[in-house]
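Novice: Okay, here's the structure, questions in a sec.
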Amino acid sequence: MVVPAGLLTYGATHATCQTAALQRQTPRLTVVFLALSTYYVGVTAIYGLDSAADDLITTGEAAKLLGTSRQHVVDLCDRGDLSFRTVGKHRRVSRTDLEVLSARTQRLTRDQLRSLWIGNAVAGKLVRDPDRVLGLARRNLAQLRAVHTRGQGARWLAEWGTILGGPVERVLETLTSRTPRARELRQNSPFAGVLTEKERTEILAAFQRARGPGRR
């Protein structure tokens, strides 16, 4: 079959035009793609910065949380015991870092230490049988939240709901941490029944022997 020369010319010309049009569009598509990429990276960075900024507090606020003077907080920063960032001409410290420092330096009461011992024992059960322990804790939590619908207790129970919905490591950290937040959460624990009465009695007896009747 012989194709007319005019048809061949038209086909070649048409293909050349399509190629040229595509070449003209490619830089525009590249620019649009780069613009969108830059936008999303910028949005992600902004959200990350906002999250970090929410954790920062003034040295005066830190002093109130620690129950000390503002100068004491400044001294902690100067000694390197508490990290800080400079915002303008003022220092800002991380609430998380402050909580860790407080847990490291604050002396626990006898009741808080006893609760910590119980928390460690529950954590031991949790690592051996996560499904059973978490299942029991979630059922207990549902019953507690049905009763305590308002106030501070309801807020701690709501936080337990978030923790129990996350990784097991976060639950373990809450059960064994010395931070003020973890101490409050353990006072509103949904882990009743994880330890048998015999186990609980033995743990409290061991605590009594280790700490002595009058030791804190």
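Novice: Can you find even one residue in region 161-175 that is surrounded by 11 or more Cβ atoms within 10 Å (Cβ to Cβ) and over 23 Å from the mean Cα position of the chain (by Cα)?
Specialist: No: zero hits.
Novice: I'm trying to understand the selection: among the residues of region 70-93, which are surrounded by 11 or more Cβ atoms within 10 Å (Cβ to Cβ), of a type in the set (Lys, Arg) and farther than 15 Å from Gly60 by Cβ?
Specialist: Matches in region 70-93: Arg85 only.
Novice: Looking at region 36-71 only, could you name the residues that are in a helix (DSSP H, G or I) and either among the polar types (S, T, N, Q) or at pLDDT 85 or above (or both)?
Specialist: Restricting attention to region 36-71, the residues satisfying the condition of being in a helix (DSSP H, G or I) are 36-54, 59-66, 70-71.
Of everything in region 36-71, those that are in a helix (DSSP H, G or I) and either among the polar types (S, T, N, Q) or at pLDDT 85 or above (or both) turn out to be Ser37, Thr38, Thr44, Ser51, Thr59, Gly60, Glu61, Ala62, Ala63, Lys64, Arg70, Gln71.
Novice: In addition: Determine whether region 150-157 contains at least one residue that is in the same structural domain as Trp117 (by TED's automatic domain parsing), within 24 Å of Thr109 (Cα to Cα), in contact with a helix residue (DSSP H, G or I) (Cβ under 9 Å, 6 or more places away or on another chain) and at pLDDT 95 or above.
Specialist: Within region 150-157, one or more residues are in the same structural domain as Trp117 (by TED's automatic domain parsing), within 24 Å of Thr109 (Cα to Cα), in contact with a helix residue (DSSP H, G or I) (Cβ under 9 Å, 6 or more places away or on another chain) and at pLDDT 95 or above.
Novice: Scan region 146-191 for residues that are assigned to a helix (DSSP H, G or I) and polar (S, T, N, Q) and report the count. Talk me through it step by step, then tell me what you get.
Specialist: Restricting attention to region 146-191, the residues satisfying the condition of being assigned to a helix (DSSP H, G or I) are 146-147, 151-164, 168-176, 180-187.
With the extra rule that they be polar (S, T, N, Q), the set shrinks to 152, 162, 174, 176, 187.
Total satisfying the criteria: 5.
The values are calculated or read from the model by the stated rules, or taken from the named source; none is laboratory data. Treat the numbers as computed from the prediction; the structure is a model and nothing was measured. FYI the Cβ positions are ideal-geometry reconstructions off the backbone, even for glycines, and counts take in every protein chain you see.
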